[in-house]
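The values are calculated or read from the model by the stated rules, or taken from the named source; none is laboratory data. Source: prediction; values computed, not measured. So basically every Cβ, Gly included, is an ideal-geometry build from the backbone, and we count neighbours across all protein chains shown. These accessible areas exclude ligands, DNA and RNA; they are computed on the full protein's heavy atoms, side chains included. Shrake-Rupley method; radii C 1.70, N 1.55, O 1.52, S 1.80 Å.
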Number of protein chains: 2
Amino acid sequence: MSRRLCIALDAMGGDHGPAIVVPGADIAVARHPEAEFILFGDEALIDPLLTRHPRLAERARLVHTDIAVRMDDKPSQALRKGRRHSSMWLALEAVKRGEADVAVSAGNTGALMAMAKFCLKTMEGIERPSIAAIWPTLRGETIVLDVGASIGADAHNLVDMAIMGAAMARVVFGIERPSVGLLNVGVEEIKGIEEVKEANRLLRDLDLLQLDYRGFVEGDDIGKGTVDVVVTEGFSGNIALKTAEGTARQLFEYLRSAMNRTWRARLGYLLARGAFNVLREKMDPAKMNGGLFLGLNGLVIKSHGGTDAEGFAAALDLGYDVAHHELVRHIAGNLARSESGLVAAERVAS
Amino acid sequence: MSRRLCIALDAMGGDHGPAIVVPGADIAVARHPEAEFILFGDEALIDPLLTRHPRLAERARLVHTDIAVRMDDKPSQALRKGRRHSSMWLALEAVKRGEADVAVSAGNTGALMAMAKFCLKTMEGIERPSIAAIWPTLRGETIVLDVGASIGADAHNLVDMAIMGAAMARVVFGIERPSVGLLNVGVEEIKGIEEVKEANRLLRDLDLLQLDYRGFVEGDDIGKGTVDVVVTEGFSGNIALKTAEGTARQLFEYLRSAMNRTWRARLGYLLARGAFNVLREKMDPAKMNGGLFLGLNGLVIKSHGGTDAEGFAAALDLGYDVAHHELVRHIAGNLARSESGLVAAERVAS
């Protein structure tokens, strides 16, 4: 790349639109002074905000559009009204045209995925894109995919995810040969659905150089950080992610109310406040914000719709990271390398 | 029932066998003085323990067997070596013969389910049994099923689970018309796998009197306690359960290490210790111990294999509760009532 790294922003996405996107990008500018930004959205709303963030304004270009995809638009509606003209579409198109290296949106997931597939198309050899999340664990961080795109993924989709997730772990965590596990249930013999068992056989037979396949893992292995990459189909992955978020929120709620019960507990809380802040920081969804769409001809990050500027900046950090390391090129290389292996493995299996 | 309520115990099940089962049952005797127990297992191990727990000894009968299913036996192995003679089988058979009202085992789940199906058979109209767990929530408790038996359950299986889960909620929580939700993912239009969508249509059309069907819920609704009963297929249910357990453990671990970081935090911890204990109690898996097998001609409870006496007693509490309320009879009644409705609903749908 001869030009600087460029991030395309759907400035109208999310519950708060430019009010979060602009200050979020301003935080990111300070962390990545070599990055440039293109903001797509309503200039009447964005311009005044840019004036208040001169650091960002210096590195950003604004492209006006009246059209924005709404958080409650269905994917088909979004495609009908937003294709070619919406802020979401234009951000994706900037990636397609090579003007930007990654697109980031806090807009609705279904619409963003539908538009991304339409605009960027899936990579050669990839049937279905997936969404990867970075999950805090006791050992650090783990990549979990898919967390919601590939409902009912088959064995081949799962193998693709393993390869893409490993490529992402190499880039994001800097691990040469990331460990990969397939999410499964812990009951012997009736173990798992057919697709998962088949993916396990394929991954064993492939014995890929670029990843260290460790077999099955269970739900509690995610939080333990047993492997660097956990692969699962979109339905169960989404349920795992939401259930973990719910459990964390539930525990914080219990903690908050327990710490208010007596004067001793309140005093204890005041003394240990620093420790509580560390805890909150560790499990803060904002710090881990950003689902990465994998399997498309271009990088797309989905930020939480309700995030704050700090959370949006975290999504931009992830975008910067994967763009800087040219993740798509890595994935394409790894897929090509494993393609011949997959054919061989199937010949053996059949 | 003319005789007292009787609980059959697989005294050899679990990581610690009689060393946990006997003191656990002793705790349960104090809570349910009207209950009786039959212990199946090795008398050389159990007899000395009973001597030390005279309160239980007075209410318990011991049936000797040399054979015990091991925690790592596969279901097929367990069936081969343990059918007719193992402590696990004998406890189930006591229920089948009407000598006991419920069987409780901390043995391995796969073996227990395989034997329970073989011994007790599934209820008329039920294709696949499921395992229900009681989940602590911000609003109290929610029943989640299936957490591991019905991998790849279809729409009809899910409808059966809704009916059985509601019957259980009526008995365990004392709610006349429990609210029921189907676990799904939150992405619009590509929402969910076909089976879940179909079960949703069936439950809407059936419009059952005995439960208040609320449509789809997401993973984070479990911890919120949005509904009394959450229905899902066994693969995703097991992953949700294990992921939540993992997240809770992870948070406690963070909390423990955060509270050890500085002298202020340590002092704070000492002052707030009571509050922390309340918190621990709320999320303690031992307090919620016991997966109930639903859909069989008899009641079977699976306790955690690694639980302590207090945890095993909690599983016995659940067993006592569902046996006391004759849950199987309730379920049979509800299934019969909904059967004609289901036929009608399908006629409308097709």
Accessible surface of residue B:71 - all protein chains present, 1.4 Å probe, nearest 10 Å²:
70
Under 22 Å Cα-Cα from residue A:117, which lysines qualify once same-chain neighbours fewer than 8 residues away are excluded?
A:74, A:81, A:96, A:302, B:191
Keeping every protein chain present and rolling a 1.4 Å probe, give me the accessible area per residue for the protein assembly as shown in Å².
40
Counting other chain Cβ atoms within 10 Å of each Cβ in A:230-239 and taking the mean gives 6
Any residue on another chain or 5+ positions along whose placed amide H is under 5 Å from the amide H of residue A:137 is listed here as A:142
Return the whole-Å distance between the Cα centroid of the stretch A:233-282 and the Cα centroid of the stretch B:101-162.
31
Can you give me the distance in nm between label points at residue A:266 and residue A:336, each placed 7 Å from the Cα along the Cα-to-Cβ direction?
6.6
If r is the Cβ-Cβ distance from residue A:30 to residue B:71 and R0 is 51 Å, what FRET efficiency results, to the nearest 0.05?
0.40
Carbon and sulfur %, accessible surface of the stretch A:114-240 computed with the full protein complex present, 1.4 Å
46
So, in nm and shortest first, the distances from residue A:4 to its counterparts in the other copies, with label points 7 Å along Cα→Cβ, work out as 8.2
Candidate lysines for bridging to residue B:282, where Cα separation is under 16 Å - those fewer than 8 sequence places away on the same chain excluded:
B:224
For the stretch B:1-99 the trypsin sites (Lys or Arg not before Pro) that pass both the DSSP coil test and the at-most-13 other-Cβ-within-10 Å test are B:3, B:4, B:84, B:97
For the pair residue B:329 and residue A:47, the simple spin-label estimate (label points 7 Å beyond Cα toward Cβ) gives in nm 7.8
Show the residues, 5+ positions off or on another chain, whose built amide H is closer than 5 Å to the amide H of residue A:217.
A:182, A:183, A:184
Whole-Hz Karplus ³J(HN,Hα) for the stretch A:40-46, in order, using 6.51 cos²θ - 1.76 cosθ + 1.60 and θ = phi - 60°, x for Gly and Pro?
10, x, 7, 5, 4, 8, 7
Under the Karplus relation with 6.51, -1.76 and 1.60 and θ = phi - 60°, whole-Hz ³J(HN,Hα) for the stretch A:140-154, x at Gly and Pro, equal x, 9, 10, 8, 10, 8, 9, 9, x, 8, 9, 4, x, 4, 9
Probe radius 1.4 Å, ligands and nucleic acids left out: can you give me the accessible area buried at the B-A interface, summed over both chains, in Å² to the nearest hundred?
5500
Over the stretch A:176-262 - Rg/Rh using Cα atoms and the Kirkwood inverse-distance radius:
1.13
Between residue B:205 and residue A:138, what is the FRET efficiency for a Förster distance of 45 Å, r being their Cβ-Cβ separation, to the nearest 0.05?
0.45
How would A:66, A:212 rank on accessible area, largest to smallest, probe 1.4 Å?
A:66, A:212
What translational diffusion coefficient, in µm²/s and rounded to a whole number, does the Stokes-Einstein relation yield for the protein assembly as shown at 37 °C and a viscosity of 0.692 mPa s, taking the hydrodynamic radius as the Kirkwood radius over Cα pairs?
121
Taking placed amide H atoms and a strict 5 Å upper bound, the residues 5 or more places from residue A:300 or on another chain that come that close are A:103, A:293
Ranking request for peptides A:15-25, A:224-234: highest mean number of other beta-carbon atoms within 10 Å first, then the rest in descending order.
A:224-234, A:15-25
Whole-Hz couplings from phi, Karplus 6.51/-1.76/1.60, listed for the stretch B:120-134; x for Gly and Pro:
8, 6, 6, 5, 4, x, 9, 7, 9, x, 9, 10, 9, 10, 9
